[in-house]
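Note sheet for the following structure.
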Amino acid sequence: MKYNIIVSIFVFLFLNACNPDFNTNQKDMKDQSNKKKLKSNKEGLETKTAVNLNQEVNLNQEVNLNQEEVPNKRIKNTPIDDLRNLIEIANIDREKYVKKLEKEPSDQYGILAFKKLVWMENLSGEKIANNSEKSKKYRKYIYATLNAIDTNKLKELSEIIILSEQTQSLFSIFNGFGSAIDDVIVYLYSKKNTIDKLDTLDLEKLKNSFEELLSTKTIVSEMLNQLLLDYQNNKNFIKTNSTKLKSHVIELYKQLIKKREESEKIKSDIFSIHTLKVMY
């Protein structure tokens, strides 16, 4: 009996001694399992993070591309809008001198030079003051050149030119210059809604050329207004000495020749833009 009890005690102690290893093994297995789960979760997190980063990069790239496209459109649209505005303003100016011809008074704004100028090739001696289509077109071009001059000053300007004995020369310049201005405005106004089809280089060329032409027109107006002012102030005695007046106006004439040549070249440059020529 004692022997059985002793044996039972040893068995019990032996089993208790084995249990800690079993618990430890279970704990190790749980730890390893947890580590695997942690590692798996970490890998999943890293994968998701990488995916999210890629998505963010792609999104940022798309945003950047869109942002780049907008400035590019602005770069192209700005010259187009500027050019259209210039054409509109120039056409409004054109309407003024066309209306000036349509509402021309019988004295033709006091421009006596019209009654002195005669068509050389016309044997009948037709004067520029006549109402033939040819003569009216000539006067329209004169009004185009003188459009920025105060209407009340046109008579005085005409008288100064007549006194200088340079009527034929100066009015020939006015006619050529006004013709270039009018032709370009009419040409561009008919194409103002299709200029967006021009490539960037042609668009810039057209815009710069037209701005240069309008600038030349302004310079010519300033030169003629200065002549009126110089005469009024009797600068260098041009009001009281006909010889000095003639010399003064001849110098002005030389400058105006250059401006007419510039305007004709600009007109040629504008009309030579091939893509503009084929537009309707």
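Odds and ends about this structure:
- So Thr194, is it touching a Lys or Arg at 6+ places or on another chain (Cβ under 7 Å), at pLDDT below 95 and among the polar types (S, T, N, Q): no
- Here Ile80 meets each of (1) within 26 Å of Tyr187 (Cα to Cα); (2) at pLDDT 95 or above with one exception, condition (2).
- Subset of the range 139-197 that is over 26 Å from Lys246 (Cβ atoms) and among the acidic types (Asp, Glu) - its residue that is surrounded by the most Cβ atoms within 10 Å (Cβ to Cβ): Asp182
- When residues in the range 78-113 are screened for being among the charged types (D, E, K, R) and out of contact with any helix residue (DSSP H, G or I) (no Cβ under 9 Å at 6 or more places or on another chain), 5 of them pass.
- Residue in the range 238-255 that is outside any helix (DSSP H, G or I) and under 24 Å from Arg84 (Cβ atoms) present: no
- Pairs where the first residue, in the range 120-136, is within 19 Å of Gly176 (Cβ to Cβ) and the second is modelled with pLDDT under 85 and part of a loop (DSSP other than H, G, I, E, B), C-beta under 9 Å, 6+ apart: Lys134/Asn122
- Residues of the range 263-279 satisfying the condition of being surrounded by fewer than 18 Cβ atoms within 10 Å (Cβ to Cβ), at pLDDT 90 or above and assigned to a helix (DSSP H, G or I): Glu264, Lys265, Ser268, Asp269, Phe271
- The number of residues in the range 151-206 being touching a residue at least 40 places away in the same chain (Cβ under 8 Å), more than 22 Å from Ile89 (Cα to Cα) and assigned to a helix (DSSP H, G or I) comes to 18.
- Within the range 108-128, if we keep just the residues that are part of a loop (DSSP other than H, G, I, E, B) and touching a Leu at 6+ places or on another chain (Cβ under 8 Å), the residue that is farthest from Lys217 (Cα to Cα) turns out to be Ile128.
- Unique residue being under 26 Å from Glu262 (Cα atoms), touching a helix residue (DSSP H, G or I) at 6+ places or on another chain (Cβ under 7 Å) and acidic (Asp, Glu) when the list is Glu165, Glu126, Glu156: Glu165
- Any hit, the range 95-107, residues being in contact (Cβ under 8 Å) with a residue 24 or more places away in the chain, part of a helix (DSSP H, G or I) and over 30 Å from Asp196 (Cβ atoms): yes
- Search result, residues across the range 198-241 that are small (Gly, Ala, Ser) and either loosely packed, with under 13 Cβ neighbours inside 10 Å or closer than 13 Å to Ile270 by Cα (or both): Ser209, Ser215
The values are calculated or read from the model by the stated rules, or taken from the named source; none is laboratory data. It should be emphasised that the depicted structure is a prediction, and the values quoted were computed from it without experimental measurement. For neighbour counting, all protein chains shown are included, and Cβ atoms are generated from backbone atoms with ideal geometry for every residue, glycine included.
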